[in-house]
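Rule-based calculations on the coordinates, nothing more; no lab input. What you see is a predicted model, and the numbers here were worked out from it, not measured in a lab. Cβ: placed from backbone, ideal geometry, glycine included. Neighbour counts: every protein chain shown.
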Amino acid sequence: MLGAEAAGAPGRAGVTAAVAVELVHVFSLVHDDIMDGDPARRGRPTVWKAYGTGPAVLAGDGLFALAVQTLAETAAGPEALRLLSTALGDLVRGQADDLLFASRPWTGPRRVRPEEYRAMAEHKTGALLGCAAALGALLGGAPPATVAALDRAGRQLGTAFQIVDDVLGIWGDPEVTGKPVHADLRERKKTYPVLAALGSPLPAAGRLATLLESAGEPAEAAALIEKAGGRSVALSRARRCVDSAEAALAGVPLEGRAAGELRSLLAFLVRRDL
């Protein structure tokens with residue numbers, strides 16, 4: 001993937017990083033489904049629903065242990081594990097904030113503000129994407145500056161991904177998202193479009209706040225979020241995150257094919273059938 005900086009490094013050096021990150025990703029999803037009480041994922045029963053909470057927790061722990069073992073056996077083991085542990089610490093912090101947001105009010109001084117949500121998204125989702133990019137570079141022999149730049153880019157990509165995912169959770173096609181329409185609104189999730197809409201000076205924001213506090217109809221809430229600008233603000237923020245990722249990548253010497261693939265990914269993140 002990397003250019004002259006990684007000359008002579010095996011082309012498959014990043015595969016180990018990909019395996020480790022995917023193991024952590026699946027581990028986080030298994031535990032996330034338990035915490036959220038989600039009975040299904042992509043139309044299939046979640047692990048805890050199919051086998052019970054105890055076996056699901058153990059399955060997640062086992063995946064995490066395999067990820068650590070996978071990296072520990074590489075030549076860059078200590079540094080690779082440091083990157084992974086930093087990402088995991090951020091992921092746990094982001095998940096904790098996400099859980100705490102559920103107990104905070106929709107309005108008033110204790111409401112969740114969009115900037116708090118962005119910080120949560122960078123930790124919960126961005127940290128793992130940053131780790132994925134950085135680990136591949138590290139195992140490929142890249143210097144620290146390149147590893148750090150890819151980590152920054154990945155974190156911005158992850159934040160953009162989460163915000164676009166929030167938009168899809170309200171207006172997305174169930175055939176694409178794997179979730180029923182308005183799923184996030186039914187679950188009363190404080191997603192970025194909702195928080196952006198509640199901060200709008202438009203009249204629809206006040207009506208939305210009243211509706212949310214009374215557990216109103218999700219379809220009506222979705223219409224009010226759009227009228228208050230929540231959808232457009234969310235997509236605009238996602239694009240700015242992508243711009244930040246591109247800026248981080250600007251000084252990274254990537255091979256032509258790798259650069260093209262990364263930029264295709266940037267474009268896809270803010271498109272995703274919206």
Cα shape, the stretch 102-183, gyration tensor, a/c 1.5 rule: oblate
At R0 = 41 Å, how high is the FRET efficiency between Arg42 and Ala75 if r is their beta carbon distance? Nearest 0.05 is fine. 0.70
With x for Gly and Pro, the residue-by-residue ³J(HN,Hα) of the stretch 247-263, computed from phi through the Karplus equation 6.51 cos²θ - 1.76 cosθ + 1.60 at θ = phi - 60° and given in whole Hz, is 5, 5, 7, 4, x, 9, x, 9, 5, x, 5, 5, 4, x, 5, 5, 6
Helix 53-72 versus the longest principal axis of the chain: what angle, 0 to 90°, nearest 10, using Cα atoms? 30
Of all the Cα-Cα pairs you can form in the chain, what percent are over 24 Å apart? 53
Taking the Cα atoms only, what angle lies between the long axis of helix 203-213 and the longest principal axis of the chain, rounded to 10 degrees? 90
Interchain or sequence-distant (5+) residues whose placed amide H lies within less than 5 Å of the amide H of Ala40 are Thr46
Which of the GluC sites (Glu not before Pro) found in the stretch 117-206 are in a DSSP loop and have at most 15 neighbouring Cβ atoms, other than their own, within 10 Å? Glu187
Shape call, the stretch 1-131: gyration tensor on alpha carbons, a/c limit 1.5: oblate
Give the relative contact order (percent, whole number) for the stretch 161-266; include only Cα pairs under 8 Å separated by 6+ residues. 27
With at most 14 other Cβ atoms within 10 Å, longest stretch of the chain clear of loop trypsin sites (Lys or Arg not before Pro) (DSSP): 189-270
Inter-centroid distance (Cα atoms) of the stretch 157-208 relative to the stretch 234-274, Å: 22
